[in-house]
């Protein structure tokens, strides 16, 4: 696996070295830290533009695979949230988006032909390793196998997302706005799930729409258009949708208005359109 990232700007190199310096002394469970995605490929972007009066930002995150010594560590919310919080506390110029898996899980996925982990092994940059473990060899899959798997995943998750959107409309008609928000969150999460499974054959263990949106951008920057963050109102409304997974059901203080939901539903429908169009391109491209 590659270890050189001197092609990146100096401030990015410093931040990546800082991540290792901050995390490793504190978390003995970490076996490897691997940079993947656009920064590893040197296709990262930091751009802003306006389209039809709406400002969009195209900013590539640091995508990090943090490999832990045990699968149980990756399933420990306490541990993974502690690592994520340390990354947030660093106040990096470019946000870090970590995913967590045990070494046994990663190697099992490679042996099963996972092209998500296969691409990470092929294109990723090893920022840190204890050298106690090696990544397994990836089993090769044919283009037709990859296409069929992607199509099955898309059909399942896209149909599920549409179903939750129909549920959203039902709760809107009943003026039960909190449950409508939850259903809209589930719809958005499943569109993002379809994107991840089509592009990577992998869906991360998170319900956080911000994290899923960042991973979608790593697949194709056009997904940035779904939820613009140019204004405080746009940010606040997205936060309401992000929080809806838990708060809309269990927090008595959670409140969302019809106007908020009308706006958010338009954004989710744009996400649906982008998901359908871009995933179709990807699926056709497997054998193109």
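Against the condition touching a strand residue (DSSP E or B) at 6+ places or on another chain (Cβ under 9 Å), touching a residue at least 60 places away in the same chain (Cβ under 8 Å) and part of a strand (DSSP E or B), how does residue 99 come out, does it pass?
yes
Given the residues 216, 248, 244, 201, which is the only one that is in contact with a helix residue (DSSP H, G or I) (Cβ under 6 Å, 6 or more places away or on another chain) and on the phi > 0 side of the Ramachandran plot?
Just a single option satisfies the conditions, and that option is 201.
Inspect all residues belonging to the stretch 43-50 and state whether any of them is modelled with pLDDT under 95, within 22 Å of residue 129 (Cβ to Cβ) and either surrounded by fewer than 20 Cβ atoms within 10 Å (Cβ to Cβ) or under 16 Å from the mean Cα position of the chain (by Cα) (or both).
No, there is no match, as no residue in the stretch 43-50 is modelled with pLDDT under 95, within 22 Å of residue 129 (Cβ to Cβ) and either surrounded by fewer than 20 Cβ atoms within 10 Å (Cβ to Cβ) or under 16 Å from the mean Cα position of the chain (by Cα) (or both).
For the stretch 76-96, what are the residues that are surrounded by 14 or more Cβ atoms within 10 Å (Cβ to Cβ), under 17 Å from the mean Cα position of the chain (by Cα) and without any contact (Cβ under 8 Å) to a residue 24 or more places away in the chain?
80, 84
Could you grab me the full set of residues in the stretch 191-210 that are surrounded by fewer than 19 Cβ atoms within 10 Å (Cβ to Cβ) and closer than 18 Å to residue 242 by Cα?
205, 206, 207, 208, 210
Being touching a residue at least 24 places away in the same chain (Cβ under 8 Å) and under 12 Å from the mean Cα position of the chain (by Cα), is that true of even one residue in the stretch 172-189?
Yes, some residue in the stretch 172-189 is touching a residue at least 24 places away in the same chain (Cβ under 8 Å) and under 12 Å from the mean Cα position of the chain (by Cα).
Look through the stretch 218-228, keep the residues that are in contact with a strand residue (DSSP E or B) (Cβ under 9 Å, 6 or more places away or on another chain) and modelled with pLDDT of 90 or more, and return whichever of them is surrounded by the most Cβ atoms within 10 Å (Cβ to Cβ).
224
Listed residues 240, 274; which is over 23 Å from residue 173 (Cβ atoms) and modelled with pLDDT of 95 or more?
On inspection, the qualifying residue turns out to be 274.
Is it the case that residue 129 is modelled with pLDDT of 95 or more, in contact with a strand residue (DSSP E or B) (Cβ under 8 Å, 6 or more places away or on another chain), farther than 23 Å from residue 278 by Cβ and surrounded by fewer than 19 Cβ atoms within 10 Å (Cβ to Cβ)?
In short, yes.
Just give me the residues in the stretch 107-124 being closer than 20 Å to residue 72 by Cα and within 17 Å of the chain's Cα centre (by Cα), in sequence order.
Of everything in the stretch 107-124, just one residue is closer than 20 Å to residue 72 by Cα and within 17 Å of the chain's Cα centre (by Cα), namely 117.
Looking only at the stretch 132-158, filter to residues that are touching a residue at least 60 places away in the same chain (Cβ under 8 Å) and part of a loop (DSSP other than H, G, I, E, B); which one of those is surrounded by the most Cβ atoms within 10 Å (Cβ to Cβ)?
Looking at residues that are touching a residue at least 60 places away in the same chain (Cβ under 8 Å) and part of a loop (DSSP other than H, G, I, E, B), I get 135.
Go through (1) within 16 Å of residue 194 (Cβ to Cβ); (2) surrounded by fewer than 19 Cβ atoms within 10 Å (Cβ to Cβ) for residue 257 and report which single condition fails.
With (1) within 16 Å of residue 194 (Cβ to Cβ); (2) surrounded by fewer than 19 Cβ atoms within 10 Å (Cβ to Cβ) applied to residue 257, the lone miss is (1).
The values are calculated or read from the model by the stated rules, or taken from the named source; none is laboratory data. The structure presented is a predicted model; accordingly, all values stated were derived computationally and were not measured. Ideal geometry is used to build each Cβ from the backbone, glycine not excepted, and the neighbour counts take in all protein chains shown.
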